[in-house]
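J.: The structure's right below; bear with me while I get my questions together.
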Amino acid sequence: MNKAQAKARIEKLRELINDYRYHYHVLNESIMSEEAADSLKHELTTLETEYPDLITADSPSQRVAGKPLPGFTQITHSSRMLSLNDVFSQEEVVAWRQRLDKLLPADANLEYFIDLKMDGFACALHYEDGVLTRAVTRGDGLVGEDVTMNVRTLESVPLRLRHTATHKAFLTGRTEVRGEIVMYKADFNRLNKQREKEGKPLFANPRNTAAGTIRQLDPRLVAERPLYFRAYDLLRNKAEEIPTFRFAYDVLSDIGLLTNHQATVVPDLDSILRFAEQWEKKRLSLPFFIDGLVIKVNDRRLFALAGVAGKAPRGAVALKYQAEQATTRVKNIFVSIGRTGAATPVAMLEPVVIAGTTVQMATLHNEGEIARKDIRIGDTVIVHKAGDIIPEVVEPLIRLRDGSEKIFQMPTHCPECNTRLVKHKSGEAVWRCPNNACPSRTWKRIEHFASKSALDIEGLGEKNVIALLQAGLIRDVADIFTLKATDIIKLERFADVSANKLVSAINDKTHPPLNRFLYGLGIRHVGIQTATDIANSFRAIEAVSQATIDELARVNGVGVIVAESIVEWFSEKRNKKLLEKLHKLNVWPKPVKKIGGPLSGKYFAITGSLKAMGREVAAEHIRALGGNFQSSVGEQTDYLVVGDNVGANKLTKANKLGTKQITEHDFLRMIES
Ligand code: IVH
């Protein structure tokens with residue numbers, strides 16, 4: 001990007017970020033997620049670092065935005081309410097520490113004070129001789145709004161500081177307490193449930209709700225909403241009275257304020273990182289949301305000595321947990337042909353790290369979705385990725401367009417085999433390549449047949465399948481059972497050992513369980529669960545192949561569309577031939593002996609990893625015992641098995657639905673009994 005382009009981009013970014021901030025801080029509305037906005041701010045700062053002469057005093061990178069709200073009296077803060085610089089990785093924490101080293105005396109023995117970074121609404125409480133005189137919002141950091149009447153209704157805010165023998169001094173003169181007003185997750189859910197019943201619009205998240213509530217002009221409304229004030233800072237005119245942050249927290253609890261008991265002092269970087277790692281998981285079980293940790297130099301004299309850069313103290317950072325959204329650019333859009341022929345447009349992105357992994361592609365689902373969201377090549381877009389979910393483009397940031405963006409045209413022909421794309425039924429969203437011999441469809445079919453949930457043939461991943469196809473050694477799934485090590489070795493990718501290993505892995509799978517075999521055939525709409533239901537009901541492939549739509553649709557969990565798709569598959573000539581070919585090669589699924597079982601009718605989901613077995617194997621056990629395995633928690637779920645390193649989604653959902661949660665130990669007892 002040259003300077004002129006950078007200038008134009010910077011201006012657009014500033015405009016959009018300012019708008020986001022205005023909506024967020026002043027109107028208590030959100031035009032995009034905070035994570036997406038952070039991502040844009042990051043791009044802005046990167047460009048400004050590259051072209052420092054383009055920095056202006058009013059750039060959002062240079063100040064804390066948020067205008068005081070009309071309707072409340074404006075109050076100038078006794079000292080600026082600072083914000084914190086964000087860091088996202090271990091490396092950035094290390095870099096912060098190295099910068100500190102240069103700022104502080106060489107013999108300074110640094111200790112760190114770490115606390116949870118609460119996701120709430122900042123507020124300052126003023127006490128005169130121990131009596132609450134004022135509560136002020138953060139506002140723009142310099143001037144905030146007087147919200148005393150509202151904050152007085154919070155039970156966790158003492159109207160008079162508690163008497164204490166040890167810290168008497170704080171009860172005389174001016175004492176200022178700063179902290180975060182938060183709404184607990186459970187209260188938020190209750191409130192939204194109530195609103196749903198009353199047909200009122202739902203609140204987006206606890207933080208916005210807390211902020212919106214405190215900025216209500218009617219204190220009675222505030223009193224009806226459960227909010228907590230959790231303190232994180234204590235100020236006195238004489239700074240020496242508070243030597244460390246640890247001391248500040250001890251005084252705060254002593255004089256009657258709520259602080260996070262998790263806050264702690266640690267001696268080094270390793271301990272910081274350990275603490276961060278621990279809380280990344282444990283944060284889910286906290287009653288309120290946190291979005292990271294705050295790390296400060298514990299010694300307040302050293303903290304002050306390090307100074308302030310812009311709006312943030314140099315002696316502290318916010319170590320933020322990885323975001324699930326980021327902004328990036330769509331470099332191109334191409335069409336990928338799946339095994340059923342579905343032509344899926346995929347966005348090629350400028351690489352961006354989301355939730356800890358680099359994302360370079362995101363599904364756009366179909367042509368209609370692209371048009372509905374108006375996603376164009378060259379657009380800056382918000383991309384969402386959570387856990388192991390496939391990344392998705394949420395929306396384009398239309399205001400960042402510069403006119404060079406191009407509208408995507410769905411190709412009329414398959415990019416792989418040039419066959420004209422068709423729609424099965426009019427009105428269907430998805431275009432398909434109807435050519436069953438399309439190279440893309442073929443390799444995906446074979447890859448699917450060999451995949452973990454199907455025949456689980458190790459060594460037959462995407463690249464090897466393509467190599468074998470290109471060498472003409474295979475043309476369909478049956479051919480893999482004719483492969484000889486002596487032929488495979490000739491290919492560049494394979495050595496002696498790997499060729500032999502592959503052949504024996506294939507030969508191990510000549511009599512797969514019926515459900516895996518059925519799933520592996522790649523019949524449209526037949527996932528592993530459906531395949532299992534059908535296998536349990538029909539027990540042999542011959543019976544499935546002869547079943548009518550009615551018979552199939554009678555199986556629990558199988559609808560008419562699925563039944564039709566199965567009947568269609570078995571009636572097609574080429575599929576009949578394929579089955580005959582497999583049969584001749586003595587490749588045939590094992591009939592299912594047992595139906596039902598001790599877990600019959602029970603639905604299980606798993607979150608996190610299990611020590612004893614992988615998720616697929618656990619699912620297999622569940623199914624083998626007649627149970628059902630679900631990849632997500634729903635109304636139907638009977639048990640959520642909670643393993644190690646759990647993610648947020650399933651646990652939150654289970655808490656919300658009241659799903660029974662069991663440990664790995666409980667689960668093993670169930671499957672072993
Ligand atoms: S300390 C100089 N501690 O995060 C100290 N802040 O992005 C500055 N926050 O403005 C703040 N939890 O509103 C601190 N345990 C915590 C916090 C915390 C949440 C908020 C606070 C601050 C913002 C910075």
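J.: Give Asp218, Asp270, Asp233, Asp254 a once-over and let me know the one that is over 26 Å from Arg152 (Cα atoms), open to solvent by 10 Å² or more (accessible area, probe 1.4 Å) and not polar (S, T, N, Q).
T.: Asp270
J.: Does at least one position in the range 180-197 carry a residue that is touching a residue at least 60 places away in the same chain (Cβ under 8 Å), more than 28 Å from the chain's Cα centre (by Cα) and within 15 Å of the ligand (Cβ to nearest atom)?
T.: Among the residues of the range 180-197, not one is touching a residue at least 60 places away in the same chain (Cβ under 8 Å), more than 28 Å from the chain's Cα centre (by Cα) and within 15 Å of the ligand (Cβ to nearest atom), which makes the answer no.
J.: Let me ask something additional. Please work out if Arg225 is among the basic types (Lys, Arg) and within 16 Å of the ligand (Cβ to nearest atom).
T.: no
J.: I need the full set of residues from the range 473-527 which are of a type in the set (Gly, Ala, Ser) and more than 21 Å from His448 (Cβ to Cβ), in order please.
T.: Ala485, Ala495, Ser498, Ala499, Ser504
J.: Among Leu54, Leu40, which is the only one that is modelled with pLDDT of 90 or more, farther than 24 Å from Arg246 by Cα and buried (at least 19 other Cβ atoms within 10 Å of the Cβ)?
T.: Only one candidate passes the filter, namely Leu40.
J.: Considering only residues of the range 541-580 that are surrounded by 15 or more Cβ atoms within 10 Å (Cβ to Cβ) and among the charged types (D, E, K, R), which is farthest from Ser453 (Cα to Cα)?
T.: Glu551
J.: Let me ask something else about it. Need a quick list: helices (runs of 4 or more DSSP H) entirely within the range 458-540 having at least 2 residues that are open to solvent by 50 Å² or more (accessible area, probe 1.4 Å).
T.: Answer list for the range 458-540: 462-470, 485-489, 496-507.
J.: Inside the range 444-457, can you point out the residues that are under 18 Å from Leu578 (Cα atoms) and open to solvent by 50 Å² or more (accessible area, probe 1.4 Å)?
T.: Passing the criteria: Arg445, Glu447.
J.: Same structure, new question: With the requirement that a residue be of a type in the set (A, V, I, L, M) and either assigned to a helix (DSSP H, G or I) or without any contact (Cβ under 8 Å) to a residue 60 or more places away in the chain (or both), what does the range 198-230 give you?
T.: Across the range 198-230, the qualifying residues are Leu202, Ala210, Ala211, Ile214, Leu221, Val222, Ala223.
J.: Further question on the same structure: Count, please, the residues in the range 287-310 that happen to be more than 30 Å from Asp107 (Cβ to Cβ) and in contact with a Leu (Cβ under 7 Å, 6 or more places away or on another chain).
T.: Residues flagged as more than 30 Å from Asp107 (Cβ to Cβ) and in contact with a Leu (Cβ under 7 Å, 6 or more places away or on another chain) within the range 287-310 amount to 2.
J.: Any idea which residue in the range 158-174 is surrounded by the most Cβ atoms within 10 Å (Cβ to Cβ), counting only those that are aliphatic (A, V, I, L, M) and under 28 Å from Leu227 (Cα atoms)?
T.: Leu161
J.: Looking only at residues that are at pLDDT 95 or above and β-branched (Val, Ile, Thr) in the range 282-321, which one is nearest to the ligand (Cβ to nearest atom)?
T.: The selected residue is Val294.
J.: Residue under question is Thr133, and the condition is that it be among the polar types (S, T, N, Q), under 20 Å from Arg80 (Cα atoms) and surrounded by fewer than 17 Cβ atoms within 10 Å (Cβ to Cβ); does it hold?
T.: Answer is yes for this residue.
J.: Is there a residue being within 12 Å of the ligand (Cβ to nearest atom), over 26 Å from the mean Cα position of the chain (by Cα), closer than 30 Å to His163 by Cα and assigned to a helix (DSSP H, G or I) anywhere in the range 258-275?
T.: Checked the range 258-275: no residue is within 12 Å of the ligand (Cβ to nearest atom), over 26 Å from the mean Cα position of the chain (by Cα), closer than 30 Å to His163 by Cα and assigned to a helix (DSSP H, G or I).
J.: So Thr607 fits all but one of (1) within 38 Å of the chain's Cα centre (by Cα); (2) surrounded by fewer than 17 Cβ atoms within 10 Å (Cβ to Cβ); what number is the exception?
T.: (2)
J.: A follow-up question, please. Can we say Asn645 is in contact with a strand residue (DSSP E or B) (Cβ under 9 Å, 6 or more places away or on another chain), surrounded by fewer than 16 Cβ atoms within 10 Å (Cβ to Cβ) and not acidic (Asp, Glu)?
T.: Spelling it out, Asn645 is indeed in contact with a strand residue (DSSP E or B) (Cβ under 9 Å, 6 or more places away or on another chain), surrounded by fewer than 16 Cβ atoms within 10 Å (Cβ to Cβ) and not acidic (Asp, Glu).
J.: If you check Ala248 against the conditions, is it aliphatic (A, V, I, L, M), within 16 Å of the ligand (Cβ to nearest atom), over 31 Å from the mean Cα position of the chain (by Cα) and open to solvent by 50 Å² or more (accessible area, probe 1.4 Å)?
T.: no
The values are calculated or read from the model by the stated rules, or taken from the named source; none is laboratory data. Note that the coordinates shown come from a computational prediction; the quantities given were computed from them, not determined experimentally. Every residue, glycine among them, receives a Cβ derived from its backbone with ideal geometry; neighbour counts consider all protein chains shown. Ligands, DNA and RNA are stripped out before the accessible areas are found, and what is left, the full protein with its side chains, is counted by its heavy atoms. Shrake-Rupley method; radii C 1.70, N 1.55, O 1.52, S 1.80 Å.
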